[in-house]
Amino acid sequence: MFVRLFKILGIALFTATTTWASEIPENVSQFKLLNGLQVIVIENHRAPIVNHTIWYDVGSSDDPIGKSGLSHFVEHLMFDGTKTTEQGEFDNRIKLMGGFNTAFTNREGTAYAVEVAVEHLEQVMELEADRMKNLLFKPDHVMREREVILEERKQRIDSSPGSLMNEQMTATLYQNHPYGIPVIGWEHEMRTLTLEDAKSFYENYYHPQNAALVISGDVYPDQVLAMAEKYYGHLESPSSFERKPTLQEPPHRSERRVRFLDPRVSTDYVIRKYHVPIEYSSDAENLAAIALMVEVLGGSGITSVLGEKLSLEEKIASYTGANFSGDITRPVVINLYVVPAQGIGLEEAEAKMDEVLANFSEEGVDPDHLQRIKKQIRYSRIYAQDDAKNAAMEYGTGFINGLTIEQTVDWPQLLLNVSEEGVRDAAEILLSKNNSVTGWLLKEVSE
């Protein structure tokens, strides 16, 4: 329950802007160094730990044409050593501190997170600042790491029929936007990535002007600022750097379908993806209504509308769900899932799903159900303040999506302001299939 609701609150997907702004919480401070590095400090003195996350405003949507997977490739290479550290030393030193670290690349950004006892913060900052500037690109390491990301694609995508179908559906959904290209990349393009590609990408995007340092935990703003000045303040940013132009989707005028057969499929199911038109999703209040509508419709298993109707009442589904991704600055996609019960075909399951959607759009949301969700959002917001990692994720995600701290803070209140009418209006998006791709995943049976 907590994880699901916190996703609605916005740590990785959803943020918003409006004509009014909440006050920045007293425990949050922001600075900007002369070299352009943004610094965000979130005080949390509940435990003597600290989360140090450096966010770079570059993700897979910035990959050059024909070089998909390059941003993810560079993320891997960031652990291959610098002028002062050996390959693997970064990980080993964090482990010796008793901490843990992780990194990830998504469509909009790349992040490197470390969580340690607070007395190790300065050492972590020194290590992270070092690889912002001094990364080595040894040919044997680069080629070996290219094989690693190719193997990762095999494990995460190629070995999973569901992941393969999702990849095909996403490529079908987007007609012009780079979001149609997988974050990890297309295999045939990944195989062409070179040392020169990685080095050029690193030099263009990995610098203070294109980064934000988010420190969350048992720290004080002046303390963090002094450390940031010491370790990051001397690093230079280029006078200018190239960024791919932002593309928009043209109007979607036709329903699309994907039928994916694979002998490894264990359970057939149906998925539908809706691309929400930008003229609707770019409005913050509309986006909040979408978030609540999706939660009511399928965010909580059998207690949601799809689960109650298809699993409990009609007993034609063993599982249902709904979620969405995107925000006011990026494409918004709504996902619906139905796994039929034994003996129920995908055609019937899809027809019943459409019936529920039509009725939901006409009847609207149950007021009590909506109020329960809003109450859970309030409680989840309170619980979230206990976790240094979640706070760092929330504000860092806002940065890579081009949002201010005030805009990030505003989002929960926008959710709480959504009316029953707003939910019903948002549900009308689901009535037209012209903006959608419907996928059937089926087990391929040999003749």
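The values are calculated or read from the model by the stated rules, or taken from the named source; none is laboratory data. The shown structure was predicted, so the numbers you read here are calculated from the model rather than taken from an experiment. Note: ideal-geometry Cβ built from the backbone for every residue, glycine included; neighbour counts use all protein chains shown.
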For Thr18, state whether it is modelled with pLDDT under 95, within 26 Å of Pro245 (Cα to Cα), surrounded by fewer than 21 Cβ atoms within 10 Å (Cβ to Cβ) and more than 21 Å from the chain's Cα centre (by Cα). yes
Reported set for the range 133-174 where residues are of a type in the set (D, E, K, R), loosely packed, with under 14 Cβ neighbours inside 10 Å and closer than 16 Å to Glu75 by Cβ is Arg144, Glu147, Glu151, Arg156
Of the residues in the range 360-391, how many are of a type in the set (A, V, I, L, M) and modelled with pLDDT of 85 or more? 4
In the range 400-409, the residues that are closer than 15 Å to Val28 by Cβ and surrounded by fewer than 24 Cβ atoms within 10 Å (Cβ to Cβ): Leu403, Thr404, Ile405, Glu406, Gln407, Val409
Does Val338 fit the bill of being buried (at least 17 other Cβ atoms within 10 Å of the Cβ) and either closer than 30 Å to Phe100 by Cβ or not small (Gly, Ala, Ser) (or both)? yes
When you scan the range 257-374 for strands (runs of 3 or more DSSP E) that lie fully inside it, which ones turn up with 3 or more residues that are over 23 Å from Asn417 (Cβ atoms), without any contact (Cβ under 8 Å) to a residue 60 or more places away in the chain and in the same structural domain as Leu415 (by TED's automatic domain parsing)? 317-327
Give me the residue from the range 175-184 that is under 19 Å from Thr246 (Cα atoms) and in contact with an Asp or Glu (Cβ under 8 Å, 6 or more places away or on another chain) and, out of that set, surrounded by the fewest Cβ atoms within 10 Å (Cβ to Cβ). Asn176
Any idea which of Gly398, Gly402, Gly422, Gly439 is assigned to a loop (DSSP other than H, G, I, E, B) and of a type outside the set (Phe, Trp, Tyr)? Gly402
Filter the helices (runs of 4 or more DSSP H) completely within the range 157-218 down to those with at least 1 residues that are within 20 Å of the chain's Cα centre (by Cα). 161-173, 195-205
Quick test for you: out of Val124, Val116, pick the one residue that is within 26 Å of Ser200 (Cα to Cα), under 27 Å from the mean Cα position of the chain (by Cα) and not in a loop (DSSP other than H, G, I, E, B). Val124
Give me the pairs: first residue in the range 129-155 and assigned to a helix (DSSP H, G or I), second residue modelled with pLDDT of 95 or more and among the small types (Gly, Ala, Ser), beta-carbon distance under 7 Å, and six or more apart or on different chains, which are they? Val142/Ala198; Ile149/Gly69
Farther than 17 Å from Met165 by Cβ and touching a helix residue (DSSP H, G or I) at 6+ places or on another chain (Cβ under 6 Å): is that true of Ile278 in this structure? no
